[in-house]
Amino acid sequence: MTDFALSALVWADYRLAVLFTVSLPLLLLIWAFISKMDAIQRLLEIYWKVSSLLAITVFLFIAAIPLGFVTGWLARLLIPISLWFWVDLNEDIHDMLPQRPLKIAFNSWRWGVTVYSVLGSLLSLGFVRCAGFSQDVLLTEDTSCRLWLEPPWGFRDYFMAGQTPDFVGFLGAFGLLIYTAYLVYFLVIRLGRQGRSAIR
């Protein structure tokens, strides 16, 4: 694949990510809150916690930290798992009246973001190797890896122009530390206690 074609694919992927992983779930969360649909609201709250790894990835990419290639790939795996894992929430959503517009919209988005995440994980799997490069190699030698950094750099120029890449990278690394600690807590302690139940 040429660099031009890959660049177009990368930018398309980021645009789809804004739609499927930010805009639509935010609208659905607001709708669920207004409609007092607790199961959907709870599942979307879990989704936002899990998908925050995507935001961490963007911050790591702004600082050209190669670890972002691993976190981005993991986020695409964890998102669908977080949406289908919980037995109690899935049952509550299934038991809702089938013609409820929010239920239809939520399930459509859930299937859409699952397909998007699976396809994205397959696409990005070939670039996990970029995590093994030094920052210098990433910035100067491997153009196919560097192309994945361009949309985050554009995000920084537009929304965080006053911040240095090093500071943004520090925020990303700190966020990843917290995320990892919570994930370990969930896997080691909470999962053993509650299983596939999302009860608080």
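The values are calculated or read from the model by the stated rules, or taken from the named source; none is laboratory data. This one's a predicted model, so the numbers in the text were calculated from it and none came from an experiment. Counting neighbours? That spans all protein chains shown, and the Cβs are built from the backbone with ideal geometry, glycine included.
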- Any residue in the range 149-162 that is closer than 25 Å to Leu44 by Cα, among the hydrophobic types (A, V, I, L, M, F, W, C), over 18 Å from the mean Cα position of the chain (by Cα) and in a loop (DSSP other than H, G, I, E, B)? no
- Here are some conditions: (1) in a helix (DSSP H, G or I); (2) within 26 Å of Phe159 (Cα to Cα); (3) more than 10 Å from the chain's Cα centre (by Cα); (4) not basic (Lys, Arg). Ile40 meets all but one. Which one does it not meet? (2)
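Within the range 163-185, count every residue that is of a type in the set (S, T, N, Q), in a helix (DSSP H, G or I) and over 19 Å from the mean Cα position of the chain (by Cα).
Of the range 163-185, the ones of a type in the set (S, T, N, Q) are 163-164, 180.
This time we only want the ones that are in a helix (DSSP H, G or I), so: 180.
Checking the rest, the ones that are also over 19 Å from the mean Cα position of the chain (by Cα) come to none.
Within the range 163-185, residues that are of a type in the set (S, T, N, Q), in a helix (DSSP H, G or I) and over 19 Å from the mean Cα position of the chain (by Cα) number 0.
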- Note on the structure: Checked Thr180, Thr143 against criteria (of a type in the set (Ser, Thr, Tyr), free of Cβ contacts under 8 Å to residues at least 24 places away in the same chain and out of contact with any Lys or Arg (no Cβ under 9 Å at 6 or more places or on another chain)); the one match is Thr180
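Filter the range 104-121 down to residues that are closer than 14 Å to Leu9 by Cα and either free of Cβ contacts under 8 Å to residues at least 24 places away in the same chain or in contact with a Cys (Cβ under 9 Å, 6 or more places away or on another chain) (or both), then give me how many there are. Step through it out loud before you land on a result.
To start, the set of residues in the range 104-121 that are closer than 14 Å to Leu9 by Cα comprises 116, 119-121.
Adding the requirement that they be either free of Cβ contacts under 8 Å to residues at least 24 places away in the same chain or in contact with a Cys (Cβ under 9 Å, 6 or more places away or on another chain) (or both) leaves 119.
Matching residues across the range 104-121 total 1.
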- One residue from Ala63, Ala131, Ala105 being over 26 Å from Thr180 (Cβ atoms), over 14 Å from the mean Cα position of the chain (by Cα) and aliphatic (A, V, I, L, M): Ala105
- Condition test on Leu74, is it in contact with a helix residue (DSSP H, G or I) (Cβ under 9 Å, 6 or more places away or on another chain), of a type outside the set (Ser, Thr, Tyr) and modelled with pLDDT under 95? no
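Restricting attention to the range 147-169, which residues are free of Cβ contacts under 8 Å to residues at least 12 places away in the same chain and of a type outside the set (Asp, Glu)?
Within the range 147-169, the subset free of Cβ contacts under 8 Å to residues at least 12 places away in the same chain is 154, 157-159, 161-164, 167.
If the condition is that a residue be free of Cβ contacts under 8 Å to residues at least 12 places away in the same chain and of a type outside the set (Asp, Glu), then Gly154, Tyr158, Phe159, Ala161, Gly162, Gln163, Thr164, Phe167 are the ones that fit.
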- Query: Across the range 122-140, which residue is surrounded by the fewest Cβ atoms within 10 Å (Cβ to Cβ) among those that are touching a residue at least 24 places away in the same chain (Cβ under 8 Å), not in a helix (DSSP H, G or I) and not polar (S, T, N, Q)?
  - Reply: Phe133
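Could you go through the range 54-68 and let me know if any residue there is part of a helix (DSSP H, G or I) and free of Cβ contacts under 8 Å to residues at least 60 places away in the same chain. Give the steps one after another, and end with the answer.
Just the residues of the range 54-68 that are part of a helix (DSSP H, G or I), to begin with: 54-62, 68.
Narrowing further to those that are free of Cβ contacts under 8 Å to residues at least 60 places away in the same chain: 54.
Yes, there is a match, as at least one residue in the range 54-68 is part of a helix (DSSP H, G or I) and free of Cβ contacts under 8 Å to residues at least 60 places away in the same chain.
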